[in-house]
Amino acid sequence: MLDWISANFSDLLKNIDAIIFYSIGGDQGIPLIVLWLISGGLFFTIRMQFINLRAFKHAIDVILGKYDDPNDEGEVSHFQAVATALSGTVGLGNIAGVAIAISLGGPGAAFWMTIAGFLGMSTKFIECTLAQKYRIFNPDGTVAGGPMYYLSIGLGDLGQKKLGQILAGMFAFFNILAVLGSSSIFQSNQSQVVVANVLPFVAERTWIYGLVLVLIVGLVIIGGIQRIAGVAAAIVPAMCGVYFFAALWVILANLTAIPNALISIIHGAFVPQAMAGGLVGALVQGFRRAAFSNEAGLGLAAIAHATAKTDEPIREGIVALLEPFIDTIVICNMTALVVIITGVYNNPEFANLGGSELTLAAFTSVIGWFPSVLTVCIFLFALSTMISSSYYGQVCWQYLFGDRSVIIYKVLFLIGVFVGTVTNPEAVIQFADALKITLAFPSLLGTYFLCGKVATDLENYMKRLQTGEMISAN
């Protein structure tokens, strides 16, 4: 059925993609969605007086547990909330997407990707602060929050109740479709492809791999946010650490090539390159990759941060600003440097390779045995993304349809995981990715309306922090 959809709906998907990524200035112009994300990040950075810089040290202190209070309401710790959010963003995009962005936009794409990550820190801060500010507590003690709630409740407080309800409904509906199509099918599909390259047994019996993956994911997501956060807190630091040090190995092995790589990044960011699309091509690819990678402006991480144990919404927002830094400024840039200094992005020998294969070729050029390690990393990246994204979709499902039918959603999600391992429904994946980026429209619009409340709360919080009124719990 999904193969039939892939074969017959390609034209429809092209039209949808053209609408969502409508470019101002023609084919060589800047997509409207990219401008929307750029303007949002820039506005919030200035509006919050560069919170991404001035609160960075405090964010580290909070994530290390210095301000944790077990008596605060919530379900998970600050660290677990960050780990859950990162598990949904640190994934195949950091490996494959970065290589594709550099192939299309040249090394300069890495520069704009970094700028997007920096601006995204401010956007994440506001989104996750609002998620805490407008979260609700269910009768069973569980917490629910995210764009659906700060759009409906927050805008309602401003006298825009109808608009808030419409935007909240749009966000929830689009995210459910995006999760079922992208986070389940795409992640399981890509993990199966990579694992099959190392284990031929998997390539011959994909259904067995699918059943095993369904069992693993099912055991985690049935346990709710506390189990998801616990697993994420264990997986994320390990997989990020392994990938970081492997990339560092490749970079140090090519130490003399780093100056030229950095020059090519800066040069490519501002000097037109006809083959790569010029300055606009580098900018668009950089911001587009950052948007898919750290999801700042899409509002998804706010769903995880709403469950954190704290009575200070601003504090959780400050913790959240670390995510684009880790995901985009650190991990994505490590991949970018590996791809650039090894030269695989413009090597004709690798012209027909996909993103994952291109990154793998770059690592293998220095670490011959790395394919096995990268396979484990990709599997863990995909697994962590699936379990965290499943929760995002679940909260949206509960918002629209209530708690009683949530089992239907979980079954649909697990079916998607299995389907992704036994087929390659490219059309469904493209459709889901397109829907995912549309989340920026309702989420950012509501954030613009509500950022004034965040600015007031931030001023009060920083004043108490600087005067010593706010003493760490430990």
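The values are calculated or read from the model by the stated rules, or taken from the named source; none is laboratory data. The shown structure was predicted, so the numbers you read here are calculated from the model rather than taken from an experiment. Cβ placement follows ideal geometry from the backbone for every residue including glycine, while neighbour counts extend to all protein chains displayed. Surface areas here come from the heavy atoms of the whole protein model, side chains and all, with no ligands, DNA or RNA. Shrake-Rupley method; radii C 1.70, N 1.55, O 1.52, S 1.80 Å.
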Per-residue accessible area, 1.4 Å probe, largest first, puts ILE19, ILE102 in the order ILE19, ILE102
If ligands, DNA and RNA are left out, what is the accessible area of SER365 with a 1.4 Å probe, given in Å² to the nearest 10? 80
If the chain between ILE166 and LEU219 were fully stretched, how many nm would it gain, using 0.36 nm times the residue separation less the Cα-Cα distance? 15.7 nm
Students sometimes get this wrong: rank PHE43, PHE379 by accessible area, probe 1.4 Å, all chains present, largest first. PHE43, PHE379
Which value, in Å² rounded to 10, gives the accessible area of THR114 with a 1.4 Å probe and all protein chains present? 40
Which of ARG205, ARG315, ARG404, ARG464 is most accessible, then next, and so on - probe 1.4 Å: ARG404, ARG205, ARG464, ARG315
Under 29 Å from the Cα of LYS133, which lysines turn up, not counting those fewer than eight places away in the same chain? LYS57, LYS66, LYS124, LYS161, LYS162, LYS309, LYS410, LYS436, LYS453, LYS463
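Please give the per residue accessible area of the stretch 103-208, computed with a probe of 1.4 Å over protein heavy atoms only, in Å².
Heavy-atom accessible area per residue stands at 36 Å².
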From phi via Karplus (6.51, -1.76, 1.60), per-residue ³J(HN,Hα) for the stretch 164-179 in Hz, x at Gly/Pro: x, 5, 5, 5, 5, x, 4, 4, 4, 5, 5, 5, 4, 5, 5, 5
Tell me, what is the FRET efficiency for ASP72 and PHE270 to the nearest 0.05, using R0 = 41 angstrom and their Cβ-Cβ distance as r? 0.30
Between GLU349 and LYS463, 0.36 nm times their residue separation minus their Cα-Cα distance comes to what? 35.3 nm
Could you go through the stretch 98-115 in sequence order and give the Karplus-derived ³J(HN,Hα) for each residue, using 6.51 cos²θ - 1.76 cosθ + 1.60 with θ = phi - 60°, rounded to whole Hz, and x for Gly and Pro? 5, 4, 5, 4, 6, 4, 8, x, x, x, x, 4, 5, 5, 5, 5, 5, 4
How much accessible surface area, in Å² rounded to 10, belongs to the heavy atoms of TRP207 with a 1.4 Å probe? 140
